[in-house]
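Engineer: The structure that follows is given in the form of structure tokens.
The values are calculated or read from the model by the stated rules, or taken from the named source; none is laboratory data. As the structure is a computational prediction, the values presented were derived from the model and not from experiment. Every residue, glycine among them, receives a Cβ derived from its backbone with ideal geometry; neighbour counts consider all protein chains shown.
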Amino acid sequence: MEESPVTVLGAGIVGICCALSLAQRGLSVRLIDRSEPGQATSYGNAGIISPWSFIPMALPGIWKKAPGMMLSAERPLVVRPDFWPRMLGWGSQFLANSSESTVRDLAVAMAYLCTPSVQLFRQHLHGTGHETLLSDSWYVQASRDASKPTLDALEYRIRLERGGDLELITANELHRLEPALSDEFKAAVLIKGQARALSPGKIAQVLTEKAQELGVDVIHFEATSIQQQPQGWSIQGATESLQANEIILCAGVWSKQLLEPLGVKLPLVAERGYHLEFANAGVTINNSIMDVEAKLVASSMKNGMRLAGAAEFGDAEALPDERRQQLLTRQAKFMFPDLSVEQPAFWMGRRPSFPDSLPVLGPVPGFDGLFAAFGHSHFGLMMAPQTGEVMADFISGQASQEHVAAFSCGRFL
Ligand SMILES: Cc1cc2nc3c(=O)[nH]c(=O)nc-3n(C[C@H](O)[C@H](O)[C@H](O)COP(=O)(O)OP(=O)(O)OC[C@H]3O[C@@H](n4cnc5c(N)ncnc54)[C@H](O)[C@@H]3O)c2cc1C
């Protein structure tokens, strides 16, 4: 078959970073998306880029906490009523991953993708003139109850064991660090040595432009299906098709519907999240701050103060729950009493989530030339640059089995 560029299907931050890493290795690359690069899930996240966010979502005891989270007035966890039938299998796999030994194994795999995140983003942004889109930051995990946070909790112990710089601080120290934060917060855990994106959408745009300068062909194209040919692949659109020897599927939560007609069924769900962004916030914070009870992260970004969070399991295409806007406004005001909440921008996005918090990376078994790179759930922004490197390793036949085995599609097939 004729040489054709490696085709990256889906230009979220994961696809963009894959295209960039492949082009940096001198490969010919085509990046396709049905809309503007980086403007789906990758646009509206909380902007956390951390070498230390390698703790999976299912922790020991989660089965006891989940009902309370669903009933809490803060609504950090929601399962939409019509989604329960699909949730049961996924939920039981999720709970099965919550033992301490599994959490420790998953943390090792996640660390492989998270550890170089800040350094790789800085390298990617270097020379673009937009280096300041990344800011050094701590993660301030603030609690309303002074007795709650403890560095003995498993998620902090694992970080400490792996060299993390963490500190438990009192209310006074917290308010010196972040004067705009309400004095309803009585203690916090600081996770130091990380970064935050001041505009995830703009970073995606800048890195797409960088990829284009390196020769990546960015094409506006909606794939209705992918079909294996005697040689290579055909990517079908509404009126035309594209041919490719190799496809890297990076379509986030929508990857599932492109794979299922091939008989590849993976437990990928849409874990929907929301943000509210206040352009004229009137207050500024210095770090990423999480309200631990509401599971909401605030960050001062280029376009104002953004509060992002919630885990709402539901159909990817269901309409946003408009009641979230009021709830987020109340939660934002609770965190920052002096915040001006005029005319906020309301957004909903879909985390592509597997029950073990790991993405699938690598060849799709039984389908030569088809590679998966999706399912980064809560961690896709920070895991994207290393995912790009891993996928470039796969395409060039250099992937180290020791590091990538944990991400194989085969674990679900
Ligand atoms: C509220 C919230 C807060 C978050 N906070 C953080 C955070 O602080 N840090 C962090 O690391 N992560 C965070 N995340 C997670 C992160 O945003 C995601 O994991 C990440 O954006 C996933 O990127 P992606 O490229 O896989 O998917 P997407 O950004 O969804 O990109 C998929 C792309 O594929 C395209 N596509 C889909 N189907 C087709 C098709 N048929 N044809 C052509 N194109 C197609 C889409 O148009 C889209 O551009 C957060 C998520 C949410 C919702």
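Engineer: Test Ala223 against the criterion of being more than 29 Å from Leu20 (Cβ to Cβ), buried (at least 16 other Cβ atoms within 10 Å of the Cβ), near the ligand (Cβ under 10 Å from one of its atoms) and in contact (Cβ under 8 Å) with a residue 12 or more places away in the chain, and give yes or no. Break it down stepwise before answering.
Structural biologist: On the way: more than 29 Å from Leu20 (Cβ to Cβ): no; buried (at least 16 other Cβ atoms within 10 Å of the Cβ): yes; near the ligand (Cβ under 10 Å from one of its atoms): yes; in contact (Cβ under 8 Å) with a residue 12 or more places away in the chain: yes.
So Ala223 does not fit the description; no.
Engineer: Evaluate the following for Leu327: is it part of a helix (DSSP H, G or I), within 14 Å of the ligand (Cβ to nearest atom) and not assigned by TED's automatic domain parsing to the domain that holds Arg34? Talk me through it step by step, then tell me what you get.
Structural biologist: Numbers: part of a helix (DSSP H, G or I): yes; within 14 Å of the ligand (Cβ to nearest atom): yes; not assigned by TED's automatic domain parsing to the domain that holds Arg34: yes.
So Leu327 passes the test.
Engineer: Still on this structure, I have one more. Under the condition of being of a type in the set (Asp, Glu) and surrounded by fewer than 23 Cβ atoms within 10 Å (Cβ to Cβ), which residue from segment 337-380 is farthest from the ligand (Cβ to nearest atom)?
Structural biologist: For segment 337-380, the residue satisfying everything is Asp338.
Engineer: May I ask you to list the residues in segment 365-403 that are assigned to a helix (DSSP H, G or I) and at pLDDT below 95? Break it down stepwise before answering.
Structural biologist: Let us first name the residues in segment 365-403 that are assigned to a helix (DSSP H, G or I), namely 377-395, 401-403.
Selection gives Gln401, Glu402, His403.
Engineer: Can I ask one more? How do the helices (runs of 4 or more DSSP H) wholly within segment 18-133 filter down when requiring 2 or more residues that are touching a residue at least 12 places away in the same chain (Cβ under 8 Å), within 16 Å of the ligand (Cβ to nearest atom) and surrounded by 13 or more Cβ atoms within 10 Å (Cβ to Cβ): which remain? Step through it out loud before you land on a result.
Structural biologist: Numbers: elements: 62-71, 84-96, 100-114, 117-125.
Correct list: 100-114, 117-125.
Engineer: Sticking with this one: Kindly indicate whether Glu178 is out of contact with any helix residue (DSSP H, G or I) (no Cβ under 8 Å at 6 or more places or on another chain), in the same structural domain as Val292 (by TED's automatic domain parsing), more than 17 Å from Ser53 (Cβ to Cβ) and surrounded by 21 or more Cβ atoms within 10 Å (Cβ to Cβ).
Structural biologist: Values: out of contact with any helix residue (DSSP H, G or I) (no Cβ under 8 Å at 6 or more places or on another chain): yes; in the same structural domain as Val292 (by TED's automatic domain parsing): yes; more than 17 Å from Ser53 (Cβ to Cβ): yes; surrounded by 21 or more Cβ atoms within 10 Å (Cβ to Cβ): yes.
Yes; evaluated as a whole, the condition is true for this residue.
Engineer: Is it the case, given these coordinates, that Ala316 is in a loop (DSSP other than H, G, I, E, B), near the ligand (Cβ under 10 Å from one of its atoms) and touching a residue at least 12 places away in the same chain (Cβ under 8 Å)?
Structural biologist: Details: in a loop (DSSP other than H, G, I, E, B): yes; near the ligand (Cβ under 10 Å from one of its atoms): yes; touching a residue at least 12 places away in the same chain (Cβ under 8 Å): yes.
Spelling it out, Ala316 is indeed in a loop (DSSP other than H, G, I, E, B), near the ligand (Cβ under 10 Å from one of its atoms) and touching a residue at least 12 places away in the same chain (Cβ under 8 Å).
Engineer: Could you pull out the residue among Gly215, Gly193 that is more than 14 Å from the ligand (Cβ to nearest atom), surrounded by fewer than 22 Cβ atoms within 10 Å (Cβ to Cβ), within 21 Å of Ser50 (Cβ to Cβ) and small (Gly, Ala, Ser)? Let's see the steps before the verdict.
Structural biologist: Numbers: Gly215 fails: within 21 Å of Ser50 (Cβ to Cβ).
Being more than 14 Å from the ligand (Cβ to nearest atom), surrounded by fewer than 22 Cβ atoms within 10 Å (Cβ to Cβ), within 21 Å of Ser50 (Cβ to Cβ) and small (Gly, Ala, Ser) holds for just one of Gly215, Gly193, which is Gly193.
Engineer: With respect to Lys210, is the statement that it is among the charged types (D, E, K, R) and within 25 Å of Ala332 (Cβ to Cβ) true?
Structural biologist: For Lys210, the condition - among the charged types (D, E, K, R) and within 25 Å of Ala332 (Cβ to Cβ) - is not met.
Engineer: OK, next. Scan segment 196-212 for residues that are farther than 30 Å from Thr170 by Cβ, within 13 Å of the ligand (Cβ to nearest atom) and out of contact with any helix residue (DSSP H, G or I) (no Cβ under 7 Å at 6 or more places or on another chain) and jot them down. Let's see the steps before the verdict.
Structural biologist: If we filter segment 196-212 for residues that are farther than 30 Å from Thr170 by Cβ, which is where we start, we get 199-212.
Going one step further and asking which of them are within 13 Å of the ligand (Cβ to nearest atom), we end up with 199-201, 203-205, 207-208.
The answer is Gln205, and nothing else.
Engineer: Any chance you could count how many residues in segment 1-17 are closer than 30 Å to Ile191 by Cα and in a strand (DSSP E or B)? First the steps, then the outcome.
Structural biologist: Filtering segment 1-17 for residues closer than 30 Å to Ile191 by Cα gives 12-17.
Cutting the leftovers down to in a strand (DSSP E or B) gives us none.
Here the count works out to 0.
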